[in-house]
Amino acid sequence: MINPLLAAGMVLCAAVPATAGAQNTPLPALPASQAKAATPDTYRSAFEGYKPYTEETVGDWKAINATTAKIGGWRVYAKEAREPQVPNTTVDPGKGIAPAEPAKP
């Protein structure tokens with residue numbers, strides 16, 4: 001019984017001499033109009049405009065924890081998350097908006 005890997009290797013080795021003698025023919029030259037379009041005018045780096053990481057300043061964590069405890073802790077945030085979102089009815093969405101001008105033919 002022949003090992004499948006050995007058989008695959010033998011097939012590959014048999015194929016190499018057939019391609020080893022092949023001539024390397026150069027590709028035909030592109031017309032001037034296509035050659036100009038194929039090459040970019042300027043190089044643009046992928047890192048252009050890159051902004052390195054900057055560590056954000058964090059507020060006073062003791063004061064933030066005190067504020068959270070003062071308003072009721074994590075339970076208040078959980079309660080807010082459970083409540084359905086109600087639209088703000090005190091604001092008139094159409095007030096202060098000028099009417100659109102009619103389209104001109």
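The values are calculated or read from the model by the stated rules, or taken from the named source; none is laboratory data. Source: prediction; values computed, not measured. Cβ: placed from backbone, ideal geometry, glycine included. Neighbour counts: every protein chain shown.
Checking every residue in the stretch 55-67 against the condition of being at pLDDT below 85 and surrounded by 10 or more Cβ atoms within 10 Å (Cβ to Cβ) gives zero matches.
Among the residues of the stretch 84-94, at least one is among the polar types (S, T, N, Q), at pLDDT 70 or above and loosely packed, with under 10 Cβ neighbours inside 10 Å.
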